[in-house]
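Chemist: Here it is, the structure in full.
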Amino acid sequence: MKKICGFALTVILAFAGQALWADDITGHDRFLCSIGDVTMCTVDWECQTDSPSRFNIPDFIVFDLEAGLLKTTEASHENRQTPILSMSREDGQIVLQGLEMGRAFSFNIDEASGALTASASKAGQFSGAFGVCTPIEGTAKADDE
C-alpha cells in the first residue's frame, strides 16, 4: 500500500509543478513536449521514478499531428520516430495512441494549458509521466491564423 500511495503522491506533485510551464497549443498541429520524471512499475508493484533518459524515453518529443508522427528533436541526434495510430481532438483534449515494439502508449494533452499526461504498457509493466507542451512557431492551423 505504501508503494501505491508513494506513486500517487509522485504523480500529483509532478503534475502540479509542470502545469505551471505549459503553453496554449490550441489550433497547432506541431508542438514540442517535455517529459518530466517517469514512474515505471512492474506486475509485482516494484516501482522506480527517474528521468526519461533512464528509461530510454526522449526528454523532448515533437508531436506532428499532420504527419501522424512522434519524433525526437534534431538536436538529440537520435533520429527516432513513431507513428500515431489513433488521434482524436475533442472538447479541448488531444488524445493520441499507438503501438511500438510491443508497447502500447497513450497521450492526453489539454490544448488550453498544454499539460500532457502519458502512459505506456507492455506485458507485466506500465509507466506514467506528466509533461508540458509548447507550440512550434509558424505551425498554427490556417483557419486559426
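The values are calculated or read from the model by the stated rules, or taken from the named source; none is laboratory data. Keep in mind it's a predicted model, so treat the numbers as computed, not measured. Positions of Cβ are generated from backbone atoms using ideal geometry, with glycine treated the same way; all protein chains shown enter the neighbour counts. Ligands, DNA and RNA are excluded from the accessible area calculation, which covers all protein heavy atoms including side chains. Shrake-Rupley method; radii C 1.70, N 1.55, O 1.52, S 1.80 Å.
Chemist: Summing Lys, Arg as +1 and Asp, Glu as -1, what charge do residues with Cβ under 14 Å from the Cβ of residue 50 carry, residue 50 excluded?
Modeler: Working: positive: 54; negative: 37, 46, 59.
That sum, taken over residues with Cβ under 14 Å, equals -2.
Chemist: Also: For every other residue with a beta carbon closer than 13 angstrom to the beta carbon of residue 124, add +1 if it is Lys or Arg and -1 if Asp or Glu, then tell me the sum.
Modeler: Result for the local shell: 0.
Chemist: Local charge sum around residue 95 (other residues, Cβ-Cβ under 14 Å, Lys/Arg +1, Asp/Glu -1)?
Modeler: Once positives and negatives cancel, what remains is -3.
Chemist: Using DSSP to call loops (not H, G, I, E or B), can you name the GluC sites (Glu not before Pro) in the stretch 36-102 whose Cβ has at most 12 other Cβ atoms within 10 angstrom?
Modeler: Within the stretch 36-102, the qualifying GluC sites (Glu not before Pro) (loop, at most 12 other Cβ atoms within 10 Å) are 46, 66, 78.
Chemist: Can you give the accessible area per residue of the stretch 47-145, in Å², using a 1.4 Å probe?
Modeler: 58 Å²
Chemist: So what J values fall out for the stretch 110-118 if you push phi through Karplus, 6.51 cos²θ - 1.76 cosθ + 1.60 with θ = phi - 60°, rounded to Hz, Gly and Pro as x?
Modeler: 7, 5, 5, 9, x, 6, 10, 10, 10
Chemist: Next question. With a 1.4 Å probe and every protein chain kept in, tell me what percent of the accessible surface of the stretch 33-110 is carbon plus sulfur.
Modeler: Values: 2230 of 4630 Å².
Answer for the stretch 33-110: carbon and sulfur cover 48 percent of the accessible area.
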